[in-house]
């Protein structure tokens, strides 16, 4: 598997610490933060929102200065922004609605055919060059973002295609999707996977064992796995893994 594994008592706390520390050391323009969907992500965002910082009205303590952060999504379901299945809706409720104004908020899907929405997001992401931090989850089938096993988006080989329409060919995950490609994720200075709970144990065990699952194909300047003991129980993490490269300043 690519990257380093960090066993933590609380994945949401570790994620919030990481985002705070990474944004604090950033220089040179807005910080590009790509967010994810799912229950673990929601817990991470609620914990992050609970931290005080100068980006929150009336606060002046330590934390993320959200006025310097551009928020993007790593994937999205092709549903209206107010739909219960919308990742952006969850991110707004769990995080953005509590932290005050951000430098930029960039929903991934608003309306129309998935291919057109993907092209529009490609035009938004391409000028960024490096992506500062990409947050990914781990699906029970080993998918990350909306890169599903056997999906056409997973197998895209063109390094210039950064955003693609996607659908789960096994029909385990509903809705047409928009997703970052592996090529886009590879542009990240830091990718962080958050893996929590017994429901993720089997998928993480398969990743740790070296199976060719979508999440195992992720590369970046640095890949970090924040994993709790329930997800990592009895998994041998002593096997050599690829050496993570330092995060660019």
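The values are calculated or read from the model by the stated rules, or taken from the named source; none is laboratory data. It should be emphasised that the depicted structure is a prediction, and the values quoted were computed from it without experimental measurement. Here the Cβ positions follow ideal geometry from the backbone for every residue, glycine too, while neighbour counts run over all protein chains shown.
Select from segment 108-147 the residues that are farther than 18 Å from residue 161 by Cα and touching a strand residue (DSSP E or B) at 6+ places or on another chain (Cβ under 7 Å) and write down the one among them that is surrounded by the most Cβ atoms within 10 Å (Cβ to Cβ). Write out each step before concluding.
Filtering segment 108-147 for residues farther than 18 Å from residue 161 by Cα gives 110-112, 132-133, 135-143.
If we keep only those that are touching a strand residue (DSSP E or B) at 6+ places or on another chain (Cβ under 7 Å) too, we end up with 132-133, 135-138.
On the way: 132: 23, 133: 23, 135: 26, 136: 30, 137: 22, 138: 26.
My answer is 136.
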Residue identified as at pLDDT 95 or above and either touching a strand residue (DSSP E or B) at 6+ places or on another chain (Cβ under 7 Å) or assigned to a loop (DSSP other than H, G, I, E, B) (or both) among 244, 231, 203: 231
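Across segment 49-79, which residue is nearest to residue 26 (Cα to Cα) among those that are part of a loop (DSSP other than H, G, I, E, B), touching a strand residue (DSSP E or B) at 6+ places or on another chain (Cβ under 8 Å) and modelled with pLDDT of 60 or more?
Taking segment 49-79 as the starting set, the residues that turn out to be part of a loop (DSSP other than H, G, I, E, B) are 50-65, 74, 78-79.
Subsequent filtering for residues that are touching a strand residue (DSSP E or B) at 6+ places or on another chain (Cβ under 8 Å) retains 55, 74, 78.
Okay, now just the ones that are also modelled with pLDDT of 60 or more, so 74, 78.
On the way: 74: 20, 78: 32 Å.
Taking the candidates together, the pick is 74.
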With the requirement that a residue be crowded, with 18+ Cβ neighbours inside 10 Å and at pLDDT 95 or above, what does segment 90-101 give you? 90, 91, 92, 94, 95, 96
Selection from segment 24-41 of residues closer than 14 Å to residue 66 by Cβ and modelled with pLDDT of 95 or more yields 30, 31, 32, 33, 35
